[in-house]
Amino acid sequence: MATIAIDPRVSSGTADFVASSHKMFIDGRFVAAASGKTFPVYNPATGEVLTHVPEAESEDVNRAVAAARRAFDEGPWPRMSASERGRILWRVSELLEKHNDEFAELESLDNGKPFSVARIADVPLAADMFRYMAGWTTKITGRTFPISFPGDFHSYTLREPIGVVAQIIPWNFPLLMAAWKVAPALAAGCTVVLKLAEQTPLSGLRLAQLFDEAGMPPGALNVITGFGEGAGAPLAAHDDVDKIAFTGSTEVGKLIVKAATGNLKKVSLELGGKSPAIVFPDARIDHAIQGTASAIFFNHGQCCCAGSRLYIHEKIFDQVVEGVSHVAEDIKVAPGLDPSSQMGPLVSDEQYKKVVGYIESGLAEGAHIAAGGPVSGVERGYFVRPTVLTGTNPKMKVVQEEIFGPVVCAVPFSDKELDAILKRANDSIYGLAASVWTDNLTIAHKVSRGLRAGTVWVNCHNVFDAALPFGGYKQSGWGREMGEEVLNNYLETKAVTIAL
Ligand code: ADP
């Protein structure tokens with residue numbers, strides 16, 4: 001194994017875990033890849049290798065799916081009482097809380113995000129998701145129906161787990177995405193094969209240990225590490241998988257849909273976005289400045305719902321651009337484990353080059369820089385400065401495409417005509433989220449109705465709760481994560497009619 005360089009600021013428990021020999025979780029056991037292959041995991045703050053994890057390929061996928069199949073067809077998980085299933089999920093939430101800071105350190109080391117943010121956002125929200133879904137296990141019910149078919153019948157529906165679920169997640173919120181995926185599937189009584197993102201596998205592997213500790217029956221949750229083509233593709237195409245849930249790019253989402261056609265497994269997708277934030281002239285300006293800056297810069301812009309198109313009424317355009325630019329310039333960009341860090345590095349060299357490439361393409365097409373720019377000034381690591389672009393036009397790549405980095409395009413709009421600004425805001429292949437900044441009740445409601453997006457925030461952005469459904473219109477996805485609605489992704493409805 002290559003040298004392992006762990007930041008001296010992490011606790012000894014985290015350092016020991018990172019340096020340990022990592023194993024996947026298949027059929028209740030911690031195992032290496034069948035081939036024995038591993039791949040390196042990098043620290044994005046330094047570009048150095050942190051550790052190595054198993055590289056799953058088809059054979060490992062087959063083993064994990066077979067384990068999940070057995071656990072579904074014969075094992076205790078779908079058969080145990082709803083209350084007992086809920087208790088195990090609740091235990092996982094308690095264990096996450098107990099190890100809150102350790103998980104925050106792992107997220108910071110592996111993804112680059114500030115430790116201070118991960119400990120108050122990523123980890124508590126993940127724990128909350130397990131607790132919320134623990135509550136749902138006992139509330140999944142069917143209905144009765146007064147049917148009019150001639151005769152005397154008793155008709156009702158049963159809500160049954162869909163079966164073996166494959167789940168593929170991205171690297172932007174490694175632990176939270178795992179929680180969003182596995183908690184509802186397990187609450188529904190499904191068994192799961194979760195493939196972690198190759199860039200950020202550490203917190204998911206540690207989560208598997210917590211499941212083991214919480215008493216998860218073998219095979220009910222399997223966690224594998226590997227690449228998209230080597231592990232994700234065979235998982236998505238697997239005939240013994242009944243359902244696939246994917247979060248990631250729209251491009252890969254389309255591949256998942258194709259891969260699912262073999263056995264017509266059910267598909268849910270949470271994909272990209274290019275979310276508008278619209279600031280009206282009556283908005284509380286300071287609040288809107290802080291809020292729209294955080295809409296794009298939170299998590300380094302690596303959020304599918306990042307407010308990356310900032311539409312500002314012309315009367316306040318200069319003031320808001322200046323304000324957001326000040327916020328951008330004041331953000332302390334430093335390694336996530338540095339206590340002063342407000343923005344860490346991007347997750348990978350590939351992502352760094354992609355984001356810098358977008359900033360450069362915007363400049364080449366005639367955009368201006370109000371803050372930030374393509375040069376980070378930090379010697380090593382994948383750091384990008386929070387960047388504000390003006391002078392764009394709707395055809396530019398920076399306005400149309402998802403950048404997935406801390407880059408916002410500020411665009412003025414000239415009147416209060418709601419239809420015109422709605423048309424511009426909706427001019428995107430995506431429809432994940434949007435925010436509206438106004439104190440005018442009529443504008444708030446009308447714009448919320450007119451936006452073609454799965455989430456609309458008014459005078460806020462990036463507010464999430466386990467109870468609130470989240471997902472996209474248009475090419476931002478199929479189905480919803482979280483809330484009661486996500487359970488629909490993992491349940492079949494059976495209608496039973498009894499002649500009396
Ligand atoms: P990003 O571009 O943000 O890395 P991706 O959509 O490429 O997002 O990746 C999200 C997840 O999808 C990762 O776990 C990745 O390994 C997986 N993935 C990538 N390509 C494929 C594929 N062809 N089939 C299945 N999963 C894939």
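Scanning the chain for trypsin sites (Lys or Arg not before Pro) in DSSP loops with at most 14 neighbouring Cβ atoms within 10 Å leaves 144-283 as the longest stretch between them. Considering only beta bridges that DSSP places wholly inside the chain, some 40 percent are antiparallel.
Hydrodynamic radius of the range 276-466 by the Kirkwood approach over all distinct alpha-carbon pairs: 16.5 Å.
A simple count of charges around Ala434, restricted to other residues whose Cβ falls under 11 Å of its Cβ and scoring Lys, Arg +1 and Asp, Glu -1, yields +3. With K and R counted +1 and D and E -1, the other residues having a Cβ less than 10 Å from that of Ala236 yield a net charge of +3. Taking Cα centre as origin and charging only the Cβ of basic (Lys, Arg, +1) and acidic (Asp, Glu, -1) residues, the dipole magnitude of the chain rounds to 1060 debye.
Converting phi to 3J(HN,Hα) with the Karplus coefficients 6.51, -1.76 and 1.60 and the offset θ = phi - 60°, the range 472-481 yields x, 7, 6, 7, 8, x, 10, x, 10, 9 Hz in sequence order, with x at every glycine or proline. Using alpha carbon centroids, what distance separates the range 148-190 and the range 439-500, in Å? Between the Cα centres of the range 148-190 and the range 439-500 lies a distance of 16 Å.
Cα centroids of the range 252-303 and the range 318-382: 19 Å apart.
Here the contact order of the chain, divided by its residue count and restricted to Cα pairs under 8 Å and six or more residues apart, works out to 18 percent.
Cross-link pairs exceeding 27 Å between alpha carbons, from the set Lys113/Lys274; Lys315/Lys354; Lys195/Lys265; Lys243/Lys494; Lys315/Lys353; Lys258/Lys474: Lys315/Lys354; Lys315/Lys353.
By the Kirkwood approach, averaging reciprocal distances over each pair of separate Cα atoms, the chain gets a hydrodynamic radius of 23.4 Å.
Ranking Leu269, Phe115, Gly215 by how far each Cα lies toward the positive end of the dipole of the chain (charges on Cβ) leaves Leu269 at the top.
Charge tally around Val320: other residues with Cβ under 14 Å, Lys/Arg +1 each, Asp/Glu -1 each, net -2. Converting phi to 3J(HN,Hα) with the Karplus coefficients 6.51, -1.76 and 1.60 and the offset θ = phi - 60°, the range 120-131 yields 10, 10, 3, 6, x, 5, 5, 4, 4, 5, 5, 5 Hz in sequence order, with x at every glycine or proline.
Throughout, read-outs are computed from the coordinates displayed, never taken from laboratory work. A quick note: this is a predicted structure, and the numbers were derived from the prediction, not measured. In this analysis, Cβ positions are derived from the backbone assuming ideal geometry, glycine residues included, and neighbour counts consider all displayed protein chains.
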